[in-house]
Amino acid sequence: MLDSGNTGADVWADTAYRSRKNEEFMAKRGLRSKVHFRRAPGKPLSQAHAKANAARSKVRSAVEHVFACQKGPMALFVRTIGIARAKTKIGMANLVYNMRRLVWWDGRTAPA
């Protein structure tokens, strides 16, 4: 989902979103594609594309665990009427996630 209020020019996504149509859409709007490359059927991924995917994965891995937590243990499912309620529900889930992380960090003991 592309948000017009987001001033970043990079678009991050999984290989499922890589298509000629999507790449052209992003290029027309001056956006930089950070979508993972996928290999052609029956062929290995080129070394350059594998290296690019690895670099992109480093960035994406920093936020993926948040989504995994919201989808798994928190069982977050947004079914609301209106965007304001959906934003509120997601915002509350983010607060809960951050509180859980704070409790986790607070409970860790410092090395002696």
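The values are calculated or read from the model by the stated rules, or taken from the named source; none is laboratory data. Here the structure is a predicted model, which means the values were calculated and not measured. Backbone-built Cβ (ideal geometry, glycine too); neighbour counts: all protein chains shown.
Odds and ends about this structure:
- Residue check, Glu23 surrounded by 10 or more Cβ atoms within 10 Å (Cβ to Cβ), part of a helix (DSSP H, G or I), within 15 Å of the chain's Cα centre (by Cα) and among the acidic types (Asp, Glu): no
- Qualifying residue in the stretch 55-63 (condition: surrounded by 10 or more Cβ atoms within 10 Å (Cβ to Cβ), among the basic types (Lys, Arg) and in contact with an Asp or Glu (Cβ under 6 Å, 6 or more places away or on another chain)): no
- Residue check, Asn53 under 18 Å from Asp14 (Cβ atoms), of a type outside the set (A, V, I, L, M) and modelled with pLDDT of 90 or more: yes
- Residue that is under 18 Å from the mean Cα position of the chain (by Cα), among the hydrophobic types (A, V, I, L, M, F, W, C) and modelled with pLDDT of 90 or more, where the choices are Ala75, Ala93: Ala93
- Among the residues listed as Arg85, Arg60, the single one being out of contact with any helix residue (DSSP H, G or I) (no Cβ under 9 Å at 6 or more places or on another chain), in contact (Cβ under 8 Å) with a residue 40 or more places away in the chain and either part of a helix (DSSP H, G or I) or small (Gly, Ala, Ser) (or both): Arg60
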